[in-house]
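Asker: Dropping the structure in here first, questions after.
The values are calculated or read from the model by the stated rules, or taken from the named source; none is laboratory data. Only a predicted model underlies this, so the values are computations on that prediction, with no experimental measurement involved. FYI the Cβ positions are ideal-geometry reconstructions off the backbone, even for glycines, and counts take in every protein chain you see.
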Amino acid sequence: MEFATKCLHGGYEPKNGEAGALPIFQSTTFKYDSTDDVAKLFDLQAAGFFYSRLANPTVDFVEKKIAALEGGVGAICTSSGQAACFISLMTLCKAGDHVVACSNLYGGTINLLAVTMKRFGVEVTFVDQRKSNEELSQYFKPNTKAVFGETIANPSTDVLDIERIAKLAHDHGVPLIIDNTFATPYLCRPIEWGADIVMHSTTKYIDGHALSVGGVVVDSGKFDWAAHADKFPEFVEPDESYHGCVYTKAFGNAAYIVKARAQLIRDLGCLQSPQNAFYLNLGLETLPLRMAKYCENATTVAKFLACHDKVAEVSYPGLEGSANHELAKKYLPLGCSGVISFVLKGGREAGVRFIDSLKMISLEVHVADIKSCVLHPASSTHRQLTDEQLKAAGIDAGSVRLSVGLEDVNDTIADLKQALEQA
Ligand SMILES: *Cc1c(COP(=O)(O)O)cnc(C)c1O
């Protein structure tokens, strides 16, 4: 099936007489005939549902669809993007381990990695992804377990050289985890470029309607855990909490995603709810149409902003002359999403006046919504970062993140125009 067809027909395939739309299995539990049936489920010897903290049929259908869209062997839908990020890393790490992460990540991710994971005993080194692989190699340690980066960074819109960074990770015997939130699998499939694990905040473009917070972790099935058993012993040694199950032996190339569910989803309880998975599926059905339009509208708006005399700088990888344009041509041939970063000449004060003057475009702590919205990162999502960290993340104190929506682009530009005059 082609991408757009998978968006509609992937995952849920109704049989004779069954509902055409994805059913919502609003049930915590599932009924079985014998203790033997249940024992097999608990020992991970049979597939099936027993409790919606671990798995649920509605969620399962959506997981299969997203895995198919990203080109993975399996997926887990989580209650948020933050949960997906945490699960993706903590399936690999324990106290005493180390992660190499790009410094331009989403502010919430930086906080999770630098503060909360540190409290869990995992140390993270933030690096400038533009450095060469030779330079970046110095940050790896014997206890490094993963490399983490974003396809299109939020909010700097920097594009990651996924193929090169995947090689860097593999040269050090660790997997590359990609946050593919802004690109979505429609614009970029990191697994095709060598990424081993992909995660999303599905809250953004995949849900697409600003209805439900969610996340997903996708396993490429390509990382050879057994070949790196010294770094990842939990994949090849018996898990006593599952009656001695050895993940690589029992589940082959799906070892990572099964381990993630069996251990962390079981213990942390952050599986997506069936109702939210239903909404997510609605968003997925129209993902290709929406993404193409976001890209078209954002390109028009980026060109408008680039010519405006009150705008000092526009970051949109789709713009010719953008520092990220060459990488965008390679990794994002269909477009660069609806997110644009720009800096007003008047700095912080002009930014505030501009945002307060907007009439249609709303000020929201959100991005990748169906409606256009703006945010001032330095005073909201990234306010916990120091000026130095802001700079490292590629953000000016006066920069504005604009998420171009699906309104008629002439209305979007008219609103920007009148607000820029006020700035
Ligand atoms: C929003 C966002 C997250 C966090 O996702 P939530 O669904 O808000 O928990 C992670 N990464 C990126 C790139 C995001 O934009």
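Asker: Is it fair to say residue 280 is modelled with pLDDT of 95 or more, in contact with a Ser or Thr (Cβ under 7 Å, 6 or more places away or on another chain), closer than 30 Å to residue 62 by Cβ and crowded, with 20+ Cβ neighbours inside 10 Å?
Answerer: Numbers: modelled with pLDDT of 95 or more: yes; in contact with a Ser or Thr (Cβ under 7 Å, 6 or more places away or on another chain): yes; closer than 30 Å to residue 62 by Cβ: yes; crowded, with 20+ Cβ neighbours inside 10 Å: yes.
Yes.
Asker: Limited to the range 199-245, what total is found for residues that are among the small types (Gly, Ala, Ser), within 30 Å of residue 371 (Cβ to Cβ) and surrounded by fewer than 24 Cβ atoms within 10 Å (Cβ to Cβ)?
Answerer: First, pick out the residues of the range 199-245 that are among the small types (Gly, Ala, Ser): 201, 208, 210, 212, 214-215, 220-221, 226-227, 229, 241, 244.
Of the ones still in play, those that are also within 30 Å of residue 371 (Cβ to Cβ) are 201, 208, 210, 212, 214-215.
Filter again for surrounded by fewer than 24 Cβ atoms within 10 Å (Cβ to Cβ), leaving 210, 212.
Total meeting the criteria: 2.
Asker: While we're on this one: So which of 208, 173 is in contact (Cβ under 8 Å) with a residue 40 or more places away in the chain, away from the ligand (no atom under 16 Å from the Cβ) and in a loop (DSSP other than H, G, I, E, B)? If you could, list the steps in order and put the result at the bottom.
Answerer: Values: 208 fails: away from the ligand (no atom under 16 Å from the Cβ).
Exactly one of 208, 173 is in contact (Cβ under 8 Å) with a residue 40 or more places away in the chain, away from the ligand (no atom under 16 Å from the Cβ) and in a loop (DSSP other than H, G, I, E, B), namely 173.
Asker: Only one of (1) under 22 Å from residue 366 (Cα atoms); (2) hydroxyl-bearing (Ser, Thr, Tyr); (3) assigned to a helix (DSSP H, G or I) fails for residue 88. Which number is that?
Answerer: (1)
Asker: Now, a different point. Which one of these does residue 320 not meet: (1) surrounded by 15 or more Cβ atoms within 10 Å (Cβ to Cβ); (2) under 21 Å from residue 183 (Cβ atoms); (3) without any contact (Cβ under 8 Å) to a residue 24 or more places away in the chain?
Answerer: The single condition residue 320 does not satisfy is (1).
Asker: OK, next. Does residue 105 satisfy the criteria of being under 30 Å from residue 292 (Cα atoms) and within 16 Å of the ligand (Cβ to nearest atom)?
Answerer: Values: under 30 Å from residue 292 (Cα atoms): yes; within 16 Å of the ligand (Cβ to nearest atom): yes.
Yes: the conditions hold for residue 105.
Asker: For the range 385-406, what are the residues that are free of Cβ contacts under 8 Å to residues at least 60 places away in the same chain and closer than 18 Å to residue 368 by Cα?
Answerer: The one that is free of Cβ contacts under 8 Å to residues at least 60 places away in the same chain and closer than 18 Å to residue 368 by Cα: 400.
Asker: Just wondering, is there one or more residues in the range 345-352 that are part of a helix (DSSP H, G or I) and crowded, with 21+ Cβ neighbours inside 10 Å? Give the steps one after another, and end with the answer.
Answerer: The first filter runs over the range 345-352 and keeps only residues part of a helix (DSSP H, G or I), leaving 347-352.
Add one more test, that the residue is crowded, with 21+ Cβ neighbours inside 10 Å, and what stays is 351.
Among the residues of the range 345-352, at least one is part of a helix (DSSP H, G or I) and crowded, with 21+ Cβ neighbours inside 10 Å, which makes the answer yes.
Asker: Moving on. Here is a list of conditions, (1) outside any strand (DSSP E or B); (2) surrounded by fewer than 22 Cβ atoms within 10 Å (Cβ to Cβ), and residue 166 meets all of them except one; can you say which number that is?
Answerer: (2)
Asker: Here's another thing I want to ask about it. Testing residue 313 on (1) in contact with a strand residue (DSSP E or B) (Cβ under 8 Å, 6 or more places away or on another chain); (2) part of a helix (DSSP H, G or I); (3) charged (D, E, K, R), one condition comes back false. Which one is that?
Answerer: Among (1) in contact with a strand residue (DSSP E or B) (Cβ under 8 Å, 6 or more places away or on another chain); (2) part of a helix (DSSP H, G or I); (3) charged (D, E, K, R), the lone unmet condition for residue 313 is (2).
Asker: Look through 184, 202 and report the one residue that is at positive phi, touching a helix residue (DSSP H, G or I) at 6+ places or on another chain (Cβ under 8 Å) and either within 16 Å of the ligand (Cβ to nearest atom) or of a type outside the set (D, E, K, R) (or both).
Answerer: After applying the criteria, what remains is 184.
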